[in-house]
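K.L.:
Here it is, the structure, as C-alpha cells.
The values are calculated or read from the model by the stated rules, or taken from the named source; none is laboratory data. Quantities reported herein were computed from a predicted structural model and do not represent experimental measurements. Glycine gets a Cβ as well: all are built from the backbone with ideal geometry, and neighbour counts include every protein chain shown.
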Amino acid sequence: MYTPSALFCIVLYLAPSISASPYYDKSGGPLAYNFYDKSCPNLFMIVRWGVWEALQNDTRIAASLLRLHFHDCFVDGCDGSVLLDDTNSFKGEKNAFPNRNSIRGFEVIDSIKADVEKSCPSAVSCADVLALAAREAIVLSGGPFWPVSFGRLDGLTASEKSANEQLPAPFEPLQNITAKFVAKGLDLKDMVVLSGAHTIGFAQCLTFKNRLFNFKGSGKPDPSLDSSMLSSLQTTCPNVDKSNSKLAPLDSQSMYRFDNTYYKNLMNKNGLLESDQALVLDPKTAAMVEDYSTDPFLFSKDFSASMVKLGNIGVLTGQGGEIRKKCRSVN
Ligand code: HEM
Ligand SMILES: *[C@@H]1O[C@H](CO)[C@@H](O)[C@H](O)[C@H]1NC(C)=O
Ligand SMILES: *[C@@H]1O[C@H](CO)[C@@H](O)[C@H](O)[C@H]1NC(C)=O
C-alpha cells in the first residue's frame, strides 16, 4: 500500500516543473494553465484536499471521478453538463443509459465546489473543478500527472439523447467505438491508451454478463475469456437478473492502483468487458496493447497526453456558458 501523504509531497514538488514542460504544450487552444492564478490561487490545494479526503472514505472514488470527467467531455464537450440534474425544460445526462445507476462522485464534486466557492466565489467553473479532480484522483492512485489547463465554462443545458448516442457501450464492435472517439477528435491510439483507465474501478455484471453464458447466441461463454476468470465471474454474476448490479473489478490484479496491469490482463485473456478484450483481438490495436503491457512508462506518457486531449474536447469559452454556483443546476 502506498502512502498518500508521501505522494502528496511529490506532487507538490513536481507540479510546477511538469506543467511548464513544452512537451504537453501543443495547440493549447482557448484554455490556459495559469487561468486561476489570480482569481483562485488556492484552487489546487482545495481540490487536492477534497479528493484526498473523499479517498479516505471511499477507495473507489478515484475511478468514479475519472469516469465522470470522461463522460462530461465525451458528451457535447467538457462543459459540466454531466453534473446537471434533470429539469422541467430538459432531460439531462445523468439518467442516460450508460450513466443511470452507474456514474458516481457527484457528492464529492458538490462538496469540493462548495469549498471552492467559499474561497473564490463565482470564479471557477464546475467543468474545471471536475477536470482537476480527475487528475488529482489519478495522481493519488499512483498514476501519471498531466497538466490541466483552465477556462472551461459550464454549459446551460444537457441532453439525455446526446449521452445515449455519443458514449461508447461495451457491447459495440471496436470499429463503432473507434468511430465515436474519432468523432471527438481523438484517434485509435487515444482510444487504446484511454481504455487503460480500466486499470481501476468496477463494472456491474450486466455490462459483461453476455460473455459468461451465451456469447453472441452461441450457447457458450466468450472463448476469449480465460477459463478460471470465467468461473470466478460466473460465481459473482450467476445467470439470473438479480445479480445484474453486482460488481467485479475491471482490473482484478490491482483495482485501486493506477498501473499498466490492465494491458497485462488483456494479454492473458483477463479483460473484463468485451470492448476491453477486443483491443488485443483486433490487429490494428494489438501491438499497442502489447507495448503498454511491457512498458509502464510509455503507458504513463501516452495516457497523460491523451488526457490533455480529452480535457480539451468541445470546451465552452466566451458566449453560451457561465460559472455555475452549484454544479447540479444552472444559475
Ligand atoms: C473505450 C470505450 C469505453 C467503454 C465501452 C467503457 C465502458 C465502461 C463500462 C461499461 C463501465 C462499467 C460501468 C458500470 O458497470 O456501472 C466502465 C467503468 C469505468 N470506465 Fe469506462 N469505458 C470506456 C472508456 C473509458 C475511458 C476513456 C475512461 C477514462 C479515461 C474510462 C474510465 C472508466 C472508469 C475509471 C470506470 C470505473 C468507474 C467506477 O468504478 O466508478 N472508461 N466503463
Ligand atoms: C463515503 O462513501 C460512501 C460510498 O462508499 C458514500 O455513500 C458516503 O456518502 C461517503 N461519506 C462521506 C462522508 O463522504
Ligand atoms: C455499429 O455502427 C453501424 C454503422 O453506424 C450501425 O449500423 C450498427 O448498428 C452499430 N452496431 C452496434 C452494435 O451498435
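K.L.:
Quick one: in region 241-286, of everything that is basic (Lys, Arg) and within 20 Å of Pro221 (Cβ to Cβ), which residue is farthest from the chain's Cα centre (by Cα)? Break it down into steps so the answer makes sense when it comes.
P.N.:
Of the residues in region 241-286, the ones basic (Lys, Arg) are 242, 246, 257, 264, 269, 284.
In the following step, the residues that additionally are within 20 Å of Pro221 (Cβ to Cβ) were identified as 246, 269.
Details: Lys246: 20, Lys269: 23 Å.
Going through the qualifying residues, I end up with Lys269.
K.L.:
Same structure again: Identify all residues within region 173-204 that are in contact with a Ser or Thr (Cβ under 8 Å, 6 or more places away or on another chain) and more than 7 Å from ligand 1 (Cβ to nearest atom); write none if there are none. Before the answer, list the steps.
P.N.:
To start, the set of residues in region 173-204 that are in contact with a Ser or Thr (Cβ under 8 Å, 6 or more places away or on another chain) comprises 174, 177, 186, 188-195, 199-201, 204.
Of everything in region 173-204, those that are in contact with a Ser or Thr (Cβ under 8 Å, 6 or more places away or on another chain) and more than 7 Å from ligand 1 (Cβ to nearest atom) turn out to be Leu174, Leu186, Leu188, Lys189, Asp190, Val192, Val193, Thr199.
K.L.:
Return the pairs, sorted by first residue and then second, in which the second residue is of a type in the set (Ser, Thr, Tyr), the first residue lies in region 50-73 and is closer than 21 Å to Pro98 by Cβ, the beta carbons are less than 6 Å apart, and the residues are 6+ apart or on different chains.
P.N.:
Close Cβ pairs (under 6 Å, with a partner that is of a type in the set (Ser, Thr, Tyr)) amount to Ala62/Ser141.
K.L.:
Right, another one. Across region 113-126, which residue is farthest from ligand 3 (Cβ to nearest atom) among those that are of a type in the set (Ser, Thr, Tyr) and surrounded by fewer than 16 Cβ atoms within 10 Å (Cβ to Cβ)? Spell out how you get there, then give the answer.
P.N.:
So in region 113-126, the residues of a type in the set (Ser, Thr, Tyr) come out as 119, 122, 125.
Cutting the leftovers down to surrounded by fewer than 16 Cβ atoms within 10 Å (Cβ to Cβ) gives us 119, 122.
Working: Ser119: 45, Ser122: 42 Å.
My answer is Ser119.
K.L.:
In addition: Within region 90-112, is even one residue under 20 Å from Gly151 (Cβ atoms), buried (at least 18 other Cβ atoms within 10 Å of the Cβ), of a type outside the set (S, T, N, Q) and modelled with pLDDT of 95 or more?
P.N.:
yes
K.L.:
Evaluate the following for Thr207: is it over 16 Å from Thr285 (Cα atoms), of a type in the set (Ser, Thr, Tyr) and at pLDDT 95 or above? Show your work before the answer.
P.N.:
Values: over 16 Å from Thr285 (Cα atoms): yes; of a type in the set (Ser, Thr, Tyr): yes; at pLDDT 95 or above: yes.
Yes.
K.L.:
How many residues does region 137-185 hold that are in contact (Cβ under 8 Å) with a residue 40 or more places away in the chain, of a type in the set (Phe, Trp, Tyr) and away from ligand 3 (no atom under 13 Å from the Cβ)?
P.N.:
Residues that pass the stated criteria total 3.
K.L.:
A further question on this structure: I need the full set of residues from region 292-331 which are within 22 Å of the chain's Cα centre (by Cα), assigned by TED's automatic domain parsing to the domain that holds Phe258 and over 23 Å from Gly185 (Cα atoms), in order please.
P.N.:
Of everything in region 292-331, those that are within 22 Å of the chain's Cα centre (by Cα), assigned by TED's automatic domain parsing to the domain that holds Phe258 and over 23 Å from Gly185 (Cα atoms) turn out to be Ser293, Asp295, Pro296, Phe297.
K.L.:
Do any residues in region 104-127 that are more than 26 Å from Ala203 (Cα to Cα) have Cβ atoms under 8 Å from those of residues that are in a helix (DSSP H, G or I) and among the small types (Gly, Ala, Ser), where the two are at least six apart or on different chains, and which pairs are they?
P.N.:
Cβ pairs passing all conditions: Asp115/Gly50.
K.L.:
Whether any residue in region 176-198 is aromatic (Phe, Trp, Tyr), at pLDDT 95 or above and surrounded by 20 or more Cβ atoms within 10 Å (Cβ to Cβ) is what I want to check.
P.N.:
Our first condition is that a residue be aromatic (Phe, Trp, Tyr); within region 176-198, this holds for 181.
Among the residues that remain, those that are also at pLDDT 95 or above are: 181.
Right, trim to surrounded by 20 or more Cβ atoms within 10 Å (Cβ to Cβ) and you get 181.
Looking through region 176-198, at least one residue is aromatic (Phe, Trp, Tyr), at pLDDT 95 or above and surrounded by 20 or more Cβ atoms within 10 Å (Cβ to Cβ).
K.L.:
Scanning region 151-166 for residues that are within 18 Å of the chain's Cα centre (by Cα) and buried (at least 19 other Cβ atoms within 10 Å of the Cβ), which turns out nearest to Asp302 (Cα to Cα)?
P.N.:
Only one residue tops the list, namely Arg152.
K.L.:
Taking region 169-205 as the region of interest, how many residues are within 16 Å of ligand 2 (Cβ to nearest atom) and not in a loop (DSSP other than H, G, I, E, B)?
P.N.:
Restricting attention to region 169-205, the residues satisfying the condition of being within 16 Å of ligand 2 (Cβ to nearest atom) are 200-202, 204.
Pick out the ones that are also not in a loop (DSSP other than H, G, I, E, B) and you get 202, 204.
Looking only at that region, the number is 2.
K.L.:
Are there any helices (runs of 4 or more DSSP H) wholly within region 45-143 with 2 or more residues that are more than 14 Å from the chain's Cα centre (by Cα) and more than 12 Å from ligand 1 (Cβ to nearest atom), and if so which? Even if it seems obvious, please write down each step before you answer.
P.N.:
Values: elements: 61-74, 106-119, 126-140.
So the answer is 106-119, 126-140.
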